[in-house]
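These notes concern the structure reproduced below.
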Number of protein chains: 2
Amino acid sequence: MTNNHDVVRVGVLGCGNVGAALVQLIAAQSAAIATRTGLELRVTRVAVRNLARERDVHLADGVLTRDARSVVDDPDIDVVVEVIGGIEPARELILAALDNKKPVVTANKELLANIGTELYAAADASGVDLLFEAAVAGGIPLIRPLRESLRGEPIRRVMGIVNGTTNYILTKMTEDGASYADALAEAQSLGFAERDPTADVEGFDAGAKAAIIATIAFGSRVVAGDVYHEGISAITAADIAVAARLGYVIKLLAICERVDGEIAVRVHPAMVPLAHPLASVRDSYNAVFVEGGAVGSLMFYGRGAGGMPTASAVLGDVIDAALNQRKGAHGSMGTFARIPIRPIDETTAEYQVSFDVVDRPGVLHAVTGAFARHDVSIRAAEQEGLGDDARLVFITHEARESDLQATLRDLRDLDVVKRVGGLLRVIGS
Amino acid sequence: MTNNHDVVRVGVLGCGNVGAALVQLIAAQSAAIATRTGLELRVTRVAVRNLARERDVHLADGVLTRDARSVVDDPDIDVVVEVIGGIEPARELILAALDNKKPVVTANKELLANIGTELYAAADASGVDLLFEAAVAGGIPLIRPLRESLRGEPIRRVMGIVNGTTNYILTKMTEDGASYADALAEAQSLGFAERDPTADVEGFDAGAKAAIIATIAFGSRVVAGDVYHEGISAITAADIAVAARLGYVIKLLAICERVDGEIAVRVHPAMVPLAHPLASVRDSYNAVFVEGGAVGSLMFYGRGAGGMPTASAVLGDVIDAALNQRKGAHGSMGTFARIPIRPIDETTAEYQVSFDVVDRPGVLHAVTGAFARHDVSIRAAEQEGLGDDARLVFITHEARESDLQATLRDLRDLDVVKRVGGLLRVIGS
């Protein structure tokens, strides 16, 4: 490599899956990047917890250190990459780096979903970049289009498949007729799901990403605790089969929308019409569907996780931060409003409700009464099975969540209803 | 609106579909944009050819002018938007604006596909932005992700459905069994196709967009004349039916790829496997599928045309250009290599070939001989019809275009072959 290029010294905090992939990617791409941008990227410091651990990367002597703080304080480091994850020490290190006027690139969704706006303000105060394309939907360029391309666009709703593990499980259940337990076990054996899958399957991971997306899309502070979430562990093969028969596929969606001056943010399994672009997002792929006022519908699709795709997003941000730094510029995050969060009880949706009933005269009259009492109007009804196996599936017109929940309580109290099964929200087209 | 905001005076060249939508969109969104970015956008000059024409926009007295040059020379104009289209006077006006150190936003694909690198160099020389998100795939954020997010990514191939008219026609043929002529007539009556549809249906429009995409994705100069193109006017209902039976859907694709140190760029109808994300892009929607080395596969989906979606992309660029201008920065285009263009003859693909034959002993032996002589290996064969209606459909393994064309010439010379029908290239997964 010639010496005409501007050398950018990169300090990396953490050398797990993403950190190691980033080191490899920079080594492989640095010549091409230099030709294109005039920047020569060099990873000169890498902070790790355990120096002795075997790593699949080649680093010169003296690059590895156990002292992360020394990396962010090193005056020779131009750009800091944080891929440790979790709240501390990541928070403290990022704030210190920003305070030292170093741009920071992070993939830390947990941190951003909890104290993102605090970090954005710290970056703006120091006049440096804080970039985090990799924190949501891995390698998919989403944050930059939302922050920059769509800055003038009145965004109404963002719906995303932002968790690859659950999308893999739901795809196996849909295409192979697998049970939830079998699909989860397969995902675990392939490394797509953790041994303790709670964060993925109960919607915590998607909820954190929803908070970040809502904050950027609507320019208003939304934190993980604002996000209502349900997971997929209660979805049964029967739910999937009924959905398919009605022309839907079940997906775990993160939904962020503006409703009458408020913001509603939630994660739950949803019935997606087969013709909707999100319906064909299979396996562990992610996709985010954006509905704007002028631009219409957009979708961004790709790999939401994995070392290399995530490292690719980090690398794009590192180059951007370094170029901005050379120009003395940075991409301001601007100020964030505090638009009220609409509680889940006050949101509306179409619902699919299924419940097991006894097979005797008057049953339909009794159950429809529960819906009518709470102003929940029925759009379609289907009866499956006979006798002891009779099962009713209703799809409602748009109804209010609190009314639907009151209906479910009434149904549970009826002695003709043996069991109230899954509740699924239907996504309109 | 308060006076705390930085006023950005926008001069618009052209007030057709996109120009008028932009004026409306800025009027509707300026308060929200000011809150978010601190910029107050004002359209202060609009150049048109005909002052007397009725327009669906409200402009203050003195804003409209017939003198486009006066707009780019006006010292009060901060950002110039060019939505006239065509080569001249657009070229001259853009160069004059850049020379006056004014950032330019353009939606002009024809101009960029022919002299894009000249314009990019002029912008870099003046140290101002030349932004053109709207020139390819309308409202879909594609150019910015390619230029910025994927700057460090080794992109191998970009395949796009970048013409809404032809995608609408092919969708009608696929889903309703319509003939090409009927689907075209319907598209014309709905305003999706021009009265003279040549630019769309013969692949010229997609070819221009392919040249721009290839230039940005590979950092190398590619012009419209480098792009091999075939249109969809020869596609028959029978071709669509055979494709469907074999598990494919026919799409007009713009394909840009790196092959052994060269760049191959072409537009042609292609058989896309049903499970491929591009297969489910229906109606007049566009989508661009990007295959990278580290990031894996990405897809960007949305409205590729229309006044409002295109104006949304222009507006995002106007805000970006104005913010950069305030910081004294600009997004450098960098330098462009001149990587050799691989001629279509030297590219490889899997092909579907169909031809009508007489029904007599030895026919299969004769036709397979033509394939064997040119080293084209057959992966699947199907015979339709009997007697006078016998028709053979072959799908080949990957073969070289020149070998395939030589095979077709031999087939035409065989007296057992009555007619060689369509040639379709198959997209691998």
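The values are calculated or read from the model by the stated rules, or taken from the named source; none is laboratory data. This is a predicted model, so every value here is computed, not measured. Every residue, glycine among them, receives a Cβ derived from its backbone with ideal geometry; neighbour counts consider all protein chains shown. Accessible surface is based on the protein model in full, side chains and every heavy atom, while ligands, DNA and RNA are left aside. Shrake-Rupley method; radii C 1.70, N 1.55, O 1.52, S 1.80 Å.
In this assembly of identical copies, the label point of residue B:293 (Cα plus 7 Å along Cα-to-Cβ) is separated from its counterparts by 4.4 nm, sorted shortest first. Accessible area per residue was computed with a 1.4 Å probe on protein heavy atoms; residue B:253 scores about 0 Å². Taking amide H positions as modeled 1.01 Å from N, with prolines and chain starts lacking one, the residues under 5 Å from residue B:229 and 5 or more places away or on another chain are B:267. Length, then width, then depth: along the principal axes, the Cα atoms of segment B:319-360 run 77, 26, 11 Å. Distance between the modelled labels on residue B:368 and residue A:326, one decimal in nanometres: 6.0 nm (7 Å Cα→Cβ projection). This model, with +1 at the C-beta of Lys and Arg and -1 at the C-beta of Asp and Glu, gives the protein assembly as shown a dipole about its Cα centre of some 1120 debye. Taken as Cα centroids, segment B:37-89 and segment A:20-59 sit 48 Å apart, rounded to the nearest whole angstrom. In the assembled protein chains, residue A:391 presents an accessible area of approximately 30 Å² (probe radius 1.4 Å). Just add up the charged neighbours of residue B:222: K/R +1, D/E -1, any other residue whose Cβ is under 12 Å from the Cβ of residue B:222. Net charge around residue B:222: +3. Between identical copies, the spacing of residue B:384 label points, each set 7 Å from Cα toward the C-beta atom, reads 3.8 nm from nearest to farthest.
Sorted from nearest, the other copies put their residue A:69 label points 6.7 nm away, the label point being 7 Å from Cα in the direction of Cβ. The mean of 1/r over all pairs of different alpha-carbon atoms in segment B:1-155, once inverted, gives a Kirkwood hydrodynamic radius of 16.3 Å.
Max-minus-min Cα coordinates of the protein assembly as shown on each principal axis give 79, 74, 71 Å, with the largest extent listed first. Rounded to a whole number, what is D in µm²/s for segment B:299-377 from Stokes-Einstein with the Kirkwood radius over alpha-carbon pairs (10 °C, 1.306 mPa s)? Estimated diffusion coefficient is 81 µm²/s.
Over the protein assembly as shown, DSSP H runs of length four or greater, each weighted -39,500 (n - 2.57), average out per residue to a 222 nm ellipticity of -11000 deg cm²/dmol.
Placing unit charges on the Cβ atoms of the charged side chains and taking the dipole of segment A:296-412 about its Cα centre, the candidate lying farthest along the positive direction among A:381, A:329, A:369 is A:329.
Grab the eigenvalues of the alpha-carbon gyration tensor for chain B, scale each by 5, take roots, and send me the semi-axes largest first in whole angstrom.
The three semi-axes for chain B are 46, 23, 17 Å.
Cα convex hull, segment B:219-292: 130 Å³ per residue, rounded to a whole number.
Considering only alpha-carbon pairs that sit under 8 angstrom and 6 or more positions apart, the relative contact order computed for segment B:93-214 is 25 percent. Please give the residues of segment A:359-383, grouped as numeric ranges, whose backbone N is less than 13 Å from a label point set 7 Å along the Cα-to-Cβ vector of residue A:397. Backbone N within reach: A:372, A:375-380. With all protein chains in place and ligands, DNA and RNA left out, the 1.4 Å accessible area ranks B:109, A:251, B:172 as B:109, B:172, A:251, largest first. A Förster radius of 56 Å combined with the Cβ-Cβ distance from residue A:379 to residue B:413 puts the calculated FRET efficiency at roughly 0.35. Considering chain B as a Gaussian network with a 10 Å cut-off on Cα pairs, which listed residue, B:269, B:154, B:75, attains the greatest mean-square fluctuation? Result for chain B, Cα springs under 10 Å: B:75 fluctuates most. In a reduced charge model with +1 at each Lys and Arg Cβ and -1 at each Asp and Glu Cβ, segment A:324-429 shows a dipole moment near 860 debye about its Cα centre. Note on segment B:127-193 and segment B:228-283: Cα centroid distance 13 Å, given to the nearest whole angstrom.
Listed values for segment B:334-350 are Karplus-derived 3J(HN,Hα) couplings in whole Hz (6.51 cos²θ - 1.76 cosθ + 1.60, θ = phi - 60°), namely x, 9, 10, 6, 10, 5, x, 8, 7, x, 4, 4, 9, 7, 10, 6, 8, and x replaces Gly and Pro. Starting from 0 in steps of 10 Å, tell me what percent of the Cα-Cα pairs of segment A:155-275 lands in each bin. With 10 Å bins starting at 0, P(r) equals 15, 42, 30, 12, 1. Computed on segment B:274-429, with alpha-carbon pairs under 8 angstrom and 6+ residues apart, the relative contact order is 23 percent. For segment B:210-257, taking the reciprocal of the average inverse distance between every pair of different Cα atoms yields a Kirkwood hydrodynamic radius of 12.8 Å. Comparing B:116, B:362, B:219 in a Gaussian network model of chain B where C-alpha atoms under 10 Å apart are linked, the largest mean-square fluctuation is found at B:362.
Stokes-Einstein D for segment B:127-183 at 37 °C, 0.692 mPa s, Kirkwood Rh over Cα pairs, in µm²/s? So the translational diffusion coefficient is about 233 µm²/s. Scaling the Cα radius of gyration of segment A:208-344 by the globular reference 2.2 N^0.38 Å produces a ratio of 1.25. Taking the 0 to 90 degree range and rounding to the nearest ten, how far is the long axis of helix A:307-327 tilted relative to the main principal axis of chain A, both from C-alpha atoms? Roughly 50 degrees, rounded to the nearest 10.
Among B:282, A:342, the order of accessible area from largest down is B:282, A:342, computed with a 1.4 Å probe on protein heavy atoms. Which of B:396, B:368, B:44 moves most in a GNM of chain B, Cα contacts under 10 Å? Evaluated over chain B, the most mobile residue of the options is B:368.
Taking the Cα centre of segment B:371-420 as origin and assigning +1 to Lys and Arg Cβ atoms and -1 to Asp and Glu Cβ atoms, the resulting dipole is close to 80 debye. Across chain B, the mean sequence separation of Cα contacts (distance under 8 Å, 6 or more residues apart), normalised by length, yields a relative contact order of 16 percent. Under 5 Å from the amide H of residue B:350 lie the amide H atoms of B:399, B:426, each residue being 5 or more positions distant or on a separate chain, with H modelled from the backbone and absent for Pro and chain starts. Measuring spread by the Cα atoms of segment A:320-425 yields a radius of gyration and Dmax of 23.0, 78 Å. Converting phi to 3J(HN,Hα) with the Karplus coefficients 6.51, -1.76 and 1.60 and the offset θ = phi - 60°, segment B:67-84 yields 9, 4, 4, 5, 6, 6, 8, 5, x, 7, 7, 8, 9, 9, 10, 10, 10, 7 Hz in sequence order, with x at every glycine or proline.
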